[in-house]
Amino acid sequence: MEDTVDIKEDNFKEVFKFYKRRKPPPSFKDVLQVNDAFQEGHHIPPRSLSVREKEEIQSLGLVPPEGWQIFSFVSHPDLLLVRNPFSENGQLKWIEACLREYPQNPNKTNLESCNITLSDSSWWDLATFSEGKKNNLLKKLRWVTLGYHHNWDTKQYSENMKGLMPQDLKRLCSLVAKVLGFQDFVAEAAIINFYHENSTLGPHTDNSEPNMSAPLLSFSFGQSAIFLIGGTTKQTRPTAIFLHSGDILVMAGATRQAFHAVPRIVLVEKTPWIAKSCDNSDSKNNDVTGVTSENKDNYRLQGSIEVLEEHALKYEVRKDILNYVKTSRININVRQVLKPTMQSLF
């Protein structure tokens with residue numbers, strides 16, 4: 001009898017299954033679209049930064065905080081969504097880092113379970129070679145962990161499973177947190193999830209960190225997603241929210257222990273990670289992403305075939321990255337593991 005009651009009271013599962021459904025596809029009319037006309041929350045002004053921090057924030061791919069749109073939600077007051085914080089080139093910078101830089105040793109990935117050993121090679125190099133493309137390696141990477149590596153079996157962190165957090169990611173999180181009013185945030189662990197068109201993330205809570213008072217920062221890049229956020233039990237019917245490329249979602253306060261999930265990836269036509277100067281359709285005026293017949297001759301006249309080859313390589317890498325995010329979403333989840341008084345987990 002108790003099991004029957006629990007099933008009936010799992011309102012989260014009901015909503016999750018609705019948005020996951022393929023036939024017939026669900027209606028998105030109740031999914032909150034956070035835009036200029038958003039009525040279900042409040043606009044929050046950004047906190048000020050020093051001149052030096054403003055310069056630093058732009059080097060990390062962010063636009064000045066004055067251009068950010070920061071919203072809270074009436075139904076979830078401790079949940080924040082930031083729109084427009086990244087420049088187009090900034091989005092591409094982090095997409096490229098997630099694809100080319102982070103899936104390398106000694107960072108942990110799911111690839112071992114697929115009998116794929118990286119050794120000294122990067123996943124991106126393996127996946128984009130002809131043999132890797134033939135075996136569809138681009139679709140096999142599902143997660144990467146940085147810093148304190150999440151143990152998927154025990155749900156606990158350990159000093160024995162710890163790597164270095166990338167310094168640029170740590171600084172990005174520190175400055176974003178400061179703009180949002182969270183002082184002294186230290187990024188100590190990250191899980192990067194790679195979603196494809198039919199990928200989902202089931203209902204769960206993130207409560208492995210000793211420091212549950214620090215916010216969880218979530219960065220979205222690539223295709224859009226429907227994000228569900230509920231309460232501390234599955235009895236609470238979740239709110240559905242659209243997350244788009246470049247959005248930053250912050251779970252703090254009560255939402256830090258709330259059930260959440262991603263039941264659906266939504267393919268969109270917009271490509272906000274491509275600046276006009278990087279659009280392949282205008283390669284004649286673009287000396288970063290395209291090699292055209294015109295600039296081939298220019299390079300040869302300059303006597304620099306090495307520059308041409310480097311240019312062509314950059315173009316191929318950029319083309320593969322843009323093709324990847326046409327159907328995929330990348331989500332970087334960052335959290336502070338230790339309490340301010342802790343030096344380690346020991």
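Just a few scattered comments:
- Test result for Ile191, farther than 24 Å from Pro77 by Cβ and modelled with pLDDT of 95 or more: yes
The rows are residues; the columns are (1) modelled with pLDDT of 95 or more; (2) basic (Lys, Arg).
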position	(1), (2)
Gly246	yes, no
His260	yes, no
Val288	no, no
Arg300	no, yes
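- Restricting attention to segment 25-34 and to residues that are open to solvent by 50 Å² or more (accessible area, probe 1.4 Å) and within 24 Å of the chain's Cα centre (by Cα), the residue that is nearest to Val82 (Cα to Cα) turns out to be Gln33.
- Residue tally, condition in contact (Cβ under 8 Å) with a residue 60 or more places away in the chain and either in a helix (DSSP H, G or I) or under 19 Å from Phe227 (Cβ atoms) (or both), over segment 319-346: 13
- Residue within segment 98-107 that is at pLDDT 95 or above, surrounded by 15 or more Cβ atoms within 10 Å (Cβ to Cβ) and part of a strand (DSSP E or B) present: no
- Selection within segment 183-234 - more than 14 Å from the chain's Cα centre (by Cα), within 25 Å of Val15 (Cα to Cα) and of a type in the set (A, V, I, L, M): Leu228, Ile229
- Residue match in segment 201-208 (condition: open to solvent by less than 30 Å² (accessible area, probe 1.4 Å), among the hydrophobic types (A, V, I, L, M, F, W, C) and either touching a strand residue (DSSP E or B) at 6+ places or on another chain (Cβ under 9 Å) or assigned to a strand (DSSP E or B) (or both)): no
- Looking only at residues of segment 77-87 that are under 25 Å from Lys326 (Cα atoms) and at pLDDT 95 or above, we find that the one that is most open to solvent (accessible area, probe 1.4 Å) is Arg83.
Rundown of residues vs (1) more than 18 Å from Asn110 (Cβ to Cβ); (2) open to solvent by less than 70 Å² (accessible area, probe 1.4 Å); (3) modelled with pLDDT of 95 or more, yes/no style:
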site	(1), (2), (3)
Asn135	no, no, no
Leu138	no, yes, no
Trp143	no, yes, yes
Gly147	no, yes, yes
Asn151	no, yes, no
Thr154	no, no, no
Pro166	yes, yes, yes
Leu172	yes, yes, yes
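- Candidate set from segment 110-128 (those that are closer than 20 Å to Thr327 by Cβ and either open to solvent by 20 Å² or more (accessible area, probe 1.4 Å) or basic (Lys, Arg) (or both)); member that is modelled with the lowest pLDDT: Cys114
- Residue match in segment 58-76 (condition: of a type in the set (Val, Ile, Thr), touching a residue at least 60 places away in the same chain (Cβ under 8 Å) and either loosely packed, with under 12 Cβ neighbours inside 10 Å or out of contact with any Phe, Trp or Tyr (no Cβ under 7 Å at 6 or more places or on another chain) (or both)): yes
- Residue check for Val82: under 26 Å from Lys170 (Cβ atoms), touching a Ser or Thr at 6+ places or on another chain (Cβ under 8 Å) and not in a loop (DSSP other than H, G, I, E, B): no
The values are calculated or read from the model by the stated rules, or taken from the named source; none is laboratory data. These numbers come from a predicted model, not from an experiment. Using ideal geometry, Cβ is built from the backbone for each residue, glycine included, and neighbour counts are taken over all protein chains shown. Protein only, heavy atoms only, side chains kept; ligands, DNA and RNA dropped before computing areas. Shrake-Rupley method; radii C 1.70, N 1.55, O 1.52, S 1.80 Å.
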